[in-house]
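Structure first, commentary second.
The values are calculated or read from the model by the stated rules, or taken from the named source; none is laboratory data. All values derive from a computational prediction rather than experimental measurement. Glycine also receives a Cβ, built like all others from the backbone with ideal geometry; neighbour counts cover every protein chain displayed.
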Amino acid sequence: MGPLAGIRIVELASIGPGPFCCMLLSDMGAEIIRVDRPEPSDLGPPTDPRLNILNRNRRSAAIDLKKPEGIAAVKRLVAEADVLVEGLRPGVTERLGLGPEDCMALNPGLVYGRMTGWGQDGPLAQAAGHDINYIALVGALHAIGPKSGAPVPPLNLVGDFGGGALYLAFGIVCALLERAKSGRGQVVDAAMIDGAASLLGSLFSAIARGAWRNARGENYLDGGAPWYSVYETSDGKYVSVGSVEGRFYRKLLECTGVDPASVRPQHDREGWPDLRQKLAAAFKSKTRDEWCALMEGSDICFAPVLDPWEAPNHPHLKARETFVESFGILQPAPAPRFSRSIPTITGAPPVPGEHTDQVLRDWGFSQADIDDLRRAQAIGAR
């Protein structure tokens, strides 16, 4: 049983960081009811819902938020919940009658989690956007990419998931802990711009020290340092090295056959281009697997660059069961791990509305209530 067992959450369907946040919370044992639309929407490209890992571990109720009966049904759920999570544009839930004031009047202990890109206020609050836009605005995207070329989006890991979902999940748990002392809920305003900016703390520290150049590919951790970079091997694959510490750097030179006397000191930036050439030539002399045999598990700080099809089969990841097959889908296991509480995958991603009747019954609706909602066309599926 996960550490959040007993926590009940209502999730208003959204895409990206909202579902990922709820996956994290449900992995930890929270009971989450996902409120889906009765009809298909344009929430991203059409996909098979049973393959959407971000929706695992929770049940789905299809409720029409355009009908007053549907809003009333959601309010009944909220009255019994510890947390509500929504990822709609600012003001939408207020117009629906499901805003923080509406919901917390019914349930003063409710933690109301809000996930947006730009935040609940500010000049851009009502603008459309995606991960790439949020990390562009705060300076994160500018720092990622090759020295000669445009910035490269790091998938949607920095804005949606790192700066968005993780901060919302952290904020919700913090608010639940505070509620245990105060007895009162509160709103958690998680904006991806705020979270992504927070992730840049170490970069701004480097700027303050004068240690960060305003150019991609010329700094210690952006691939500029040749001892913290990626190299192609003779078979067209890649390896990563992160030999930051002096003793690890010396091992890197020793293993690649680069004579320390032939290069400038490790932190002399003027010598980086020459050292990069020497390391690139060395790594091109062997296959990725040959370098793994020489370097993996050593203090060089080395790892092969694996694709998502290879990664689950790596011996270390297999030993830790970092990836698991559950409900017929190979997927990342819940993280982090605990010494006593055991997070588990207990349910497959649902089809929208798959559990509507079951959820409503479990949360206190009578069969007559459910029949009335169906006659009003306020709920879908069963």
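Only one entry of G217, G162, G171 meets the criterion of being surrounded by 15 or more Cβ atoms within 10 Å (Cβ to Cβ) and either in contact (Cβ under 8 Å) with a residue 60 or more places away in the chain or among the aromatic types (F, W, Y) (or both), and that entry is G217. One residue alone among P312, P332, P343 is more than 17 Å from M28 (Cβ to Cβ) and either touching a residue at least 60 places away in the same chain (Cβ under 8 Å) or touching a strand residue (DSSP E or B) at 6+ places or on another chain (Cβ under 6 Å) (or both), and that residue is P312. Can you go through F338, F327, F302 and tell me which one is under 29 Å from the mean Cα position of the chain (by Cα), within 30 Å of P49 (Cα to Cα), among the aromatic types (F, W, Y) and surrounded by 13 or more Cβ atoms within 10 Å (Cβ to Cβ)? Only one candidate qualifies: F327. Among the residues making up region 114-148, a single one is without any contact (Cβ under 8 Å) to a residue 12 or more places away in the chain and over 25 Å from the mean Cα position of the chain (by Cα): P123.
Check whether at least one residue in region 270-288 is farther than 30 Å from R213 by Cβ, loosely packed, with under 12 Cβ neighbours inside 10 Å and not polar (S, T, N, Q), and report yes or no. Taking every residue of region 270-288 in turn, none turns out to be farther than 30 Å from R213 by Cβ, loosely packed, with under 12 Cβ neighbours inside 10 Å and not polar (S, T, N, Q). The residue that is surrounded by the fewest Cβ atoms within 10 Å (Cβ to Cβ), among those in region 16-46 that are farther than 23 Å from R382 by Cα and modelled with pLDDT under 95, is P45.
Quick grid of which residues meet (1) surrounded by fewer than 17 Cβ atoms within 10 Å (Cβ to Cβ); (2) under 16 Å from G195 (Cα atoms):
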{"position": "E101", "(1), (2)": "yes, no"}
{"position": "L106", "(1), (2)": "yes, no"}
{"position": "Q126", "(1), (2)": "yes, no"}
{"position": "D131", "(1), (2)": "no, yes"}
{"position": "G139", "(1), (2)": "yes, yes"}
{"position": "P151", "(1), (2)": "yes, no"}
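Looking only at region 152-173, decide whether some residue is at pLDDT below 95 and more than 22 Å from L88 (Cβ to Cβ). Scanning region 152-173, I find no residue that is at pLDDT below 95 and more than 22 Å from L88 (Cβ to Cβ), so the answer is no. Is there a residue in region 361-370 that is surrounded by 12 or more Cβ atoms within 10 Å (Cβ to Cβ), in contact (Cβ under 8 Å) with a residue 12 or more places away in the chain, within 30 Å of the chain's Cα centre (by Cα) and within 23 Å of L25 (Cβ to Cβ)? Yes. Residues that are β-branched (V, I, T) and touching a helix residue (DSSP H, G or I) at 6+ places or on another chain (Cβ under 6 Å) within region 242-268 comprise T256, V258, V263, listed in sequence order.
Just a yes or no: is a residue in region 242-256 over 28 Å from A140 (Cα atoms), among the aliphatic types (A, V, I, L, M) and in contact with a Lys or Arg (Cβ under 6 Å, 6 or more places away or on another chain)? Among the residues of region 242-256, not one is over 28 Å from A140 (Cα atoms), among the aliphatic types (A, V, I, L, M) and in contact with a Lys or Arg (Cβ under 6 Å, 6 or more places away or on another chain), which makes the answer no.
Could you tell me which residue of region 66-113 is farthest from A191 (Cα to Cα), considering only residues that are among the acidic types (D, E) and without any contact (Cβ under 8 Å) to a residue 60 or more places away in the chain?
Quick first cut of region 66-113, residues among the acidic types (D, E) only: 69, 80, 82, 86, 94, 101-102.
Add one more test, that the residue is without any contact (Cβ under 8 Å) to a residue 60 or more places away in the chain, and what stays is 94, 101-102.
Working: E94: 18, E101: 20, D102: 22 Å.
Looking at the filtered set, the residue picked out is D102.
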